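Notes follow the structure.
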Amino acid sequence: MHVVGGSPPDLPRPQRFVLPLLESRRESPTVMTFDFSTQGADFRYRSNQAIRLALPGVNDPWGPVRSFSLSSSPSERGRIAVTCKISDTPFKQALSRMAPGDEAEVYGPLGAFLLDRHRPGVFLAGGIGITPFRGMFRYAADTGETEERRLLYSARVPEELVFRSELDKLSRSSPNLQVRYSVTRPTESKVRWTGRVGRIRMEWIKATAEPLDRPKFYVAGLPEMVVEMVTLLRSRLQIPDDDIDYEMFRGY
Ligand SMILES: Cc1cc2nc3c(=O)[nH]c(=O)nc-3n(C[C@H](O)[C@H](O)[C@H](O)COP(=O)(O)OP(=O)(O)OC[C@H]3O[C@@H](n4cnc5c(N)ncnc54)[C@H](O)[C@@H]3O)c2cc1C
């Protein structure tokens, strides 16, 4: 597990930056992406680290700072992106109202939830937990990596499968990337869903991992989902701790 705040010595040193918003866009009914310009800022990071984003002056009971995984890839030059759920907290409301050119304080890069470039991977994403994986897959595609990657991505309703069209495109153009979705509450949506229904379960993970040679497992999402998946990997599938890496999105 990687706590945002400390970094092994071979990672870029975290620093404070003031970065202007380039653009924001809606990804789903509840999720938005924010691109910040790093032009002239020398912000360097590894796929896929995180940042602390501060909106000074925002009067929020939990303060003006939140941690976010970077949903961008280091191969996307000149910008970094975060993708988050827009709740009704003063922080998120202020973030969603930012206009191009408005500035945020960024401290980073942080954390060490990193893509192992030399091993196949099985990626388990719950809801908003897809954010670091989007950056990892973009990076793998842009740098021509050939390791096998398998993503199992579950969301409540189909319209909350954030980055779905981009992930589909990436998997069509990269034969080594396979993307599979599941929806846990299809009846709560007006969007027709004919795919898999239910949470990510042991049999599904097992069948996905079996053809791969000693894959690494990555899990990202809200704490409840991450704990469930990591427990399952360890105790039911006997995956050693060294082969499991996870990022918990605390704070929801
Ligand atoms: C490493 C990491 C990566 C993350 N990446 C993402 C990401 O990519 N996208 C994303 O959407 N979110 C991400 N998060 C979660 C994000 O930092 C926020 O916590 C989350 O977005 C909720 O913010 P909010 O303003 O909507 O909610 P709020 O409810 O205001 O929560 C904001 C903060 O208040 C604190 N808090 C709230 N209620 C309590 C309570 N009852 N007791 C103690 N503390 C409380 C939490 O610690 C939290 O930090 C990440 C978190 C971590 C740690």
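Can you tell me which of 100, 109 is over 19 Å from residue 50 (Cβ atoms), in contact (Cβ under 8 Å) with a residue 24 or more places away in the chain and outside any helix (DSSP H, G or I)? Show your work before the answer.
Values: 109 fails: over 19 Å from residue 50 (Cβ atoms).
Step by step, each of 100, 109 is checked, and only 100 is over 19 Å from residue 50 (Cβ atoms), in contact (Cβ under 8 Å) with a residue 24 or more places away in the chain and outside any helix (DSSP H, G or I).
Of the residues 58, 122, which is more than 30 Å from residue 208 (Cβ to Cβ), β-branched (Val, Ile, Thr) and either touching a helix residue (DSSP H, G or I) at 6+ places or on another chain (Cβ under 8 Å) or in a strand (DSSP E or B) (or both)?
None of the other options fit; the residue is 58.
Among residues belonging to region 72-95 that are of a type in the set (S, T, N, Q), within 15 Å of the ligand (Cβ to nearest atom) and surrounded by fewer than 15 Cβ atoms within 10 Å (Cβ to Cβ), point out the one that is modelled with the lowest pLDDT.
Within region 72-95, the subset of a type in the set (S, T, N, Q) is 72-73, 75, 83, 87, 89, 93.
Right, trim to within 15 Å of the ligand (Cβ to nearest atom) and you get 72-73, 83, 87, 89, 93.
Checking which are surrounded by fewer than 15 Cβ atoms within 10 Å (Cβ to Cβ) leaves us with 87, 93.
Values: 87: 94, 93: 97.
Residue satisfying both the conditions and the ranking: 87.
For residues in region 119-152 being within 11 Å of the ligand (Cβ to nearest atom) and out of contact with any Phe, Trp or Tyr (no Cβ under 7 Å at 6 or more places or on another chain), which is nearest to residue 203 (Cα to Cα)?
127
Going by the structure shown, is residue 43 within 10 Å of the ligand (Cβ to nearest atom) and part of a loop (DSSP other than H, G, I, E, B)?
Working: within 10 Å of the ligand (Cβ to nearest atom): no; part of a loop (DSSP other than H, G, I, E, B): yes.
Against the criterion (within 10 Å of the ligand (Cβ to nearest atom) and part of a loop (DSSP other than H, G, I, E, B)), residue 43 does not qualify.
Give me the residue from region 99-118 that is at pLDDT 95 or above and crowded, with 17+ Cβ neighbours inside 10 Å and, out of that set, nearest to the ligand (Cβ to nearest atom).
Looking only at region 99-118, we keep the residues that are at pLDDT 95 or above, and these are 99-110.
Pick out the ones that are also crowded, with 17+ Cβ neighbours inside 10 Å and you get 104, 106-110.
On the way: 104: 14, 106: 13, 107: 13, 108: 11, 109: 11, 110: 8 Å.
Among those residues, the one meeting the criterion is 110.
Would you call residue 116 within 26 Å of residue 225 (Cβ to Cβ), outside the structural domain of residue 229 (by TED's automatic domain parsing), part of a loop (DSSP other than H, G, I, E, B) and in contact (Cβ under 8 Å) with a residue 40 or more places away in the chain?
Numbers: within 26 Å of residue 225 (Cβ to Cβ): yes; outside the structural domain of residue 229 (by TED's automatic domain parsing): yes; part of a loop (DSSP other than H, G, I, E, B): yes; in contact (Cβ under 8 Å) with a residue 40 or more places away in the chain: yes.
When the stated conditions are applied, residue 116 passes them.
What pairs come up if the first residue lies in region 212-225 and is small (Gly, Ala, Ser), the second is assigned to a strand (DSSP E or B) and buried (at least 22 other Cβ atoms within 10 Å of the Cβ), and their beta carbons are under 7 Å apart, counting only those six or more places apart or on different chains?
Final answer for the pair search is 220/125; 220/247; 221/125; 221/126.
Do you know which of the residues in region 104-139 that are out of contact with any strand residue (DSSP E or B) (no Cβ under 9 Å at 6 or more places or on another chain) and of a type in the set (D, E, K, R) is farthest from residue 151 (Cα to Cα)?
Within region 104-139, the match that is farthest from residue 151 (Cα to Cα) is 117.
The values are calculated or read from the model by the stated rules, or taken from the named source; none is laboratory data. If you're wondering where the values come from, they're calculated on a predicted model, not measured in any experiment. Every residue, glycine as well, gets a Cβ built from its backbone with ideal geometry; the counts of neighbours run over all protein chains shown.
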